[in-house]
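Working notes, structure below.
The values are calculated or read from the model by the stated rules, or taken from the named source; none is laboratory data. Keep in mind that what you see is a predicted model, and the values were worked out from it rather than measured. Here the Cβ positions follow ideal geometry from the backbone for every residue, glycine too, while neighbour counts run over all protein chains shown. Just the protein is used for accessible areas: all its heavy atoms, side chains included, with ligands, DNA and RNA removed. Shrake-Rupley method; radii C 1.70, N 1.55, O 1.52, S 1.80 Å.
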Amino acid sequence: MESNKPLAQQAWDLRNAYISLPPKDSASDYRRLLLVGRTGAGKTTLVRQLLGVPHSFNFPPTSQNRTTVADFEAVFTEKGSSYKCVVTFLEREIVYEYIKDCLFEAANKLAQTNDFNKSYNLFLEHKTQRFRLKYILGDATKIQKSNFPSFDDNKNLSRGVKYKRYITHISKYILQKIEFALTIFEKKSYSDLSTKEKYDFNDYIYTETTQNKDFTSYCSDIINDIIEVVFDAGKCGKFQNDSSGWPQVFTYENNKKSIFITNILRFCGNSGKDHGKLASPIVSGIRVSGPFHPRWSQYIPKIVIMDGEGVGHKSDSSQPISTSITEKYSLADNIFLIDSATEPMLNEAQSAARSIITNGYSEELFFIFTKFDSIEGANYQDDDDRKQHILMAIENFADSCNDDLGIEVIDLLENIADKKTVFLSSLDKDISLESSLKNPLLELLTLSKVYFFDCKVHCPQSSSTSSENKEKSLQKKTLSPQKQKVFKEEQGIKLLKEAIQNFHDKWDGYLNFGSPARVPSQHWTRIRALTRRVAEFGWDSYDNLEPVADAVDFLQKSLLKLLKQNKIDKKTLNYILKLCSQENHALCRRELITQERCRWREAYYFSGPGSTSLRAAKIRSIYTQRMPVSESNIVIKAILEIVKRHYS
């Protein structure tokens, strides 16, 4: 893999090498559909309907908890072609870090509470819910406490018993380290430590424990167990491994749909009966292709589906959307914002809609409301009342942008009611060609201007111009000087500097330096986890700590405000927003992450008294130096240069 690319892009390239996506140009009549929405809104259930997969197959899998954590793409091909699959995996070092977290959390909990059941559950599922060892290694409920033998018998023990011994042994080591650490911090007991000292104390315990020889040996042994399960899961296909034997790519092909799905479920499944056999926790992405045929359509649509992790819980609708989602906007012809009709346009949906708009993709945006048949209330006389209730929620969202952005966006959502909103019911049922439930689904494809295989009649298109050609013609239009106003650079500098200041205010709050925005500080474990992922793997986030997404979000909001204040036309506005979005993602990642990984590594390795404060100060210095509140900021310069090109 190329180390100069983000890991997600490297995995995408590997999947492209085996199953390429149809090009997004005038030569292709495919439509790329990107699904965005909060966890549990019904994205994956809609994917099943489009694939024509009976719900009994549980493919792609769904559950009440966060299910989709890996990227999923599906390329629909003509009838008679075979079904293909390519799976990419998290790197070995990343999985090792997850195992470190799980083993330490379990052992630490056992040291504190002496409750093995609770501690083992922490071992089986990472606290972010993005990594579940129980899927690969089995469930805690299958292990009987009475079966644990002595520490000397090692080779023939079951995995569960072995892991219990590991946890117990490390918990004893932690207790010893706590006694020793108290002497370093010159305290008689843990309760004598101040809040800040407790952060440093716990940080020291974590560092000492995870560097312990036995601890690292146990983690390596668990890695070997994982490899054994993964290779067993892929007996039906072929693996491409790295030099250490860790799987990088798995490929598989079959002509029969049912057999194909059954064999790849171990790479994306979550069924409890299969725990101990699944490879899904270490999968970074899965791409399938084949003649997938919705059961409610006469023909196979020419579409590509792109799905991924849902927008997580957000207590504040102003929270940014992850770059893992926003960087896919440019790949899509249509962006489906999936939301539940029973609770329309709550914080997560508002965050997603605002992100799509500020990045310049309002024309690609569709609102898809699932569970429409589940709306209840005596105040609704018929479906028209229910639809009006949802449309009002969209209007209320547009109004709320006045508070957040200081501008109106309702004009960017024109034709939403008639041409951009679809209401879906009973997606959890196997809808057939004879069912009236198919009508909204067909309407969705019609509004999306989808073509079909083996069908002379296709969904009507207002123009055959591709997205690429549209942008080329748009570029010519925006360069017409007589249609543009004189750009006031001072106004742009002021708004963009405010955006950078907002970024610093937010992160000063996160890092416990105090913030005028009153942003609460983040726990030391989360800050350290972020430094580790940036330093070791070049990630730009940990859970919802996302410096690149924050910077891009503030900049795009200010840019939209700038363009709206100058009353630029909608098409030109969206075009400039798209150009700046792509530039901002690249520049902010380069400035905050790529070129500063050495200093992120320094921040990660701080340990002992004062370590959490030193770590926070190091991160703050990176942000201050690489993202200054100044017109000399290269990001601000790049944005202004793009904008000025479209003004006379």
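Between ILE642, GLN582, TYR623, the Cα set farthest toward the positive side of the dipole of the range 512-648 (charges on each charged residue's Cβ, about the Cα centre) is that of ILE642. Among DSSP bridges having both ends in the chain, what percentage is antiparallel? Round to the nearest 5. Of the beta bridges lying entirely in the chain, close to 50 percent run antiparallel.
Do the sum for the chain: with -39,500 (n - 2.57) for every DSSP H run of n ≥ 4, divided by all residues, what is the mean residue ellipticity at 222 nm, to the nearest 500 deg cm²/dmol?
Working: 22 runs with 307 residues, N = 648.
Rounded to the nearest 500, it is -15500 deg cm²/dmol.
Candidates TYR380, ILE305, GLN112 compared by Cα position along the dipole of the chain: farthest toward the positive end lies ILE305, with charges placed on Cβ.
Can you tell me how much longer the chain between GLN129 and LYS494 gets when fully stretched, taken as 0.36 nm per residue apart minus their C-alpha distance, in nm with one decimal? This chain segment gains 127.3 nm when fully extended. The chymotrypsin sites (Phe, Trp or Tyr not before Pro) of the range 497-592 meeting both criteria, a DSSP state outside H, G, I, E and B (loop) and at most 15 other C-beta atoms within 10 angstrom of the site's C-beta, are PHE513.
Of the trypsin sites (Lys or Arg not before Pro) found in the range 544-607, the ones in coil according to DSSP and having at most 10 other Cβ atoms within 10 Å of their Cβ are LYS567. Sorting TYR605, TYR173, TYR204 by accessible area puts them as TYR605, TYR173, TYR204; the probe is 1.4 Å, largest comes first, and only protein heavy atoms count. Step by step: find N for the chain, compute 2.2 N^0.38 Å, then divide the Cα radius of gyration by it. What's the final number? That ratio works out to 1.01. With loop membership from DSSP and a limit of 13 other Cβ atoms within 10 Å, the longest segment of the chain without GluC sites (Glu not before Pro) is 435-648.
Pairs exceeding a 31 Å alpha-carbon distance, out of LYS302/LYS644; LYS387/LYS571; LYS84/LYS118; LYS127/LYS177: LYS302/LYS644; LYS84/LYS118. So what does ARG386 come to for accessible area, using a 1.4 Å probe and Å² rounded to 10? Solvent-accessible area, nearest 10 Å²: 50 Å². Only Lys, Arg, Asp and Glu carry charge here, each on its Cβ (+1 for the first two, -1 for the last two); on that basis the chain has a dipole of about 980 debye about its Cα centre. Each Cα pair under 8 Å and six or more residues apart adds its separation to the average, and for the chain the resulting relative contact order is 20 percent. Taking trypsin sites (Lys or Arg not before Pro) across the range 241-307, the ones in a DSSP loop with at most 13 further Cβ atoms lying within 10 angstrom of their Cβ are LYS256. The mean accessible area for residues of the chain, using a 1.4 Å probe and ignoring ligands and nucleic acids, is 43 Å² per residue.
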